[in-house]
Amino acid sequence: AQADGDRIYALVEASALNNDGRAKMSYTAPSVAGQSAVISEALRKAGVTGADMGYIEAHGTGTLLGDPIEVAALSKAFGATPAASCALASVKSQVGHLGAAAGVVGLIRATLAVFHGVIPPNLGFARINPQIDLQHSPFYIPTTSRP
């Protein structure tokens with residue numbers, strides 16, 4: 001990209017993937033163990049810790065089951081990161097769930113957030129799912145754009 005003079009919006013330092021389907025009723029069912037393991041692996045590969053993170057573009061389906069598992073997995077992977085130090089949001093608050101395209105749209109939003117140096121808001125956020133323990137996590141929900 002540099003040799004061609006193309007604009008570089010962001011650099012993906014590392015990625016990871018897994019599936020713990022054998023341990024569950026369905027390979028598509030979320031689990032804290034599976035998600036925290038893959039998040040921890042990506043952090044390790046990138047050479048960073050949860051304390052280095054300022055923004056997470058979450059899957060954030062808005063479901064009673066998925067969101068608490070995702071936040072618990074992120075919290076576990078982030079370890080002893082200070083409370084309310086990392087923004088947690090999802091593009092689904094703006095465009096809904098786009099099925100198979102949901103991941104790439106989240107990646108695009110995260111890339112643009114890095115490029116512009118702005119944490120995007122979670123639109124329409126009014127109250128947290130009561131199953132999510134946000135107070136004892138490293139996360140906060142941004143409701144307005146911020147640097």
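The values are calculated or read from the model by the stated rules, or taken from the named source; none is laboratory data. Worth saying up front: this structure is predicted, and the values here are computed from it rather than measured. Cβ sites come from the backbone with ideal geometry, for glycine too, and all protein chains shown count toward neighbours.
Key figures for this structure:
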| item | result |
| --- | --- |
| Failed criterion for Val91 (all others in (1) out of contact with any Lys or Arg (no Cβ under 6 Å at 6 or more places or on another chain); (2) over 18 Å from Ala16 (Cα atoms) hold) | (1) |
| Pick from the stretch 1-29, criterion of a type in the set (Ser, Thr, Tyr) and modelled with pLDDT under 90, ranking: nearest to Gly103 (Cα to Cα) | Thr28 |
| In the stretch 74-100, the residues that are on the phi < 0 side of the Ramachandran plot, surrounded by fewer than 17 Cβ atoms within 10 Å (Cβ to Cβ) and touching a residue at least 40 places away in the same chain (Cβ under 8 Å) | Pro82, Ala83, Ser85 |
| Out of Val38, Val32, sole residue that is in contact (Cβ under 8 Å) with a residue 40 or more places away in the chain and aliphatic (A, V, I, L, M) | Val32 |
| Number of the exception - Gly60 against (1) surrounded by fewer than 17 Cβ atoms within 10 Å (Cβ to Cβ); (2) in contact (Cβ under 8 Å) with a residue 60 or more places away in the chain | (1) |
| Condition broken by Phe115, with the remaining ones in (1) of a type in the set (Phe, Trp, Tyr); (2) surrounded by 14 or more Cβ atoms within 10 Å (Cβ to Cβ); (3) touching a residue at least 60 places away in the same chain (Cβ under 8 Å) satisfied | (2) |
| Candidate set from the stretch 15-52 (those that are crowded, with 19+ Cβ neighbours inside 10 Å and of a type in the set (A, V, I, L, M)); member that is nearest to the chain's Cα centre (by Cα) | Ile39 |
| Of all residues making up the stretch 45-70, the number that are in contact with a Leu (Cβ under 7 Å, 6 or more places away or on another chain) and not small (Gly, Ala, Ser) | 2 |
| Single match in Phe78, Phe139, Phe125, Phe115 (criterion: at pLDDT 95 or above, among the aromatic types (Phe, Trp, Tyr) and more than 13 Å from the chain's Cα centre (by Cα)) | Phe115 |
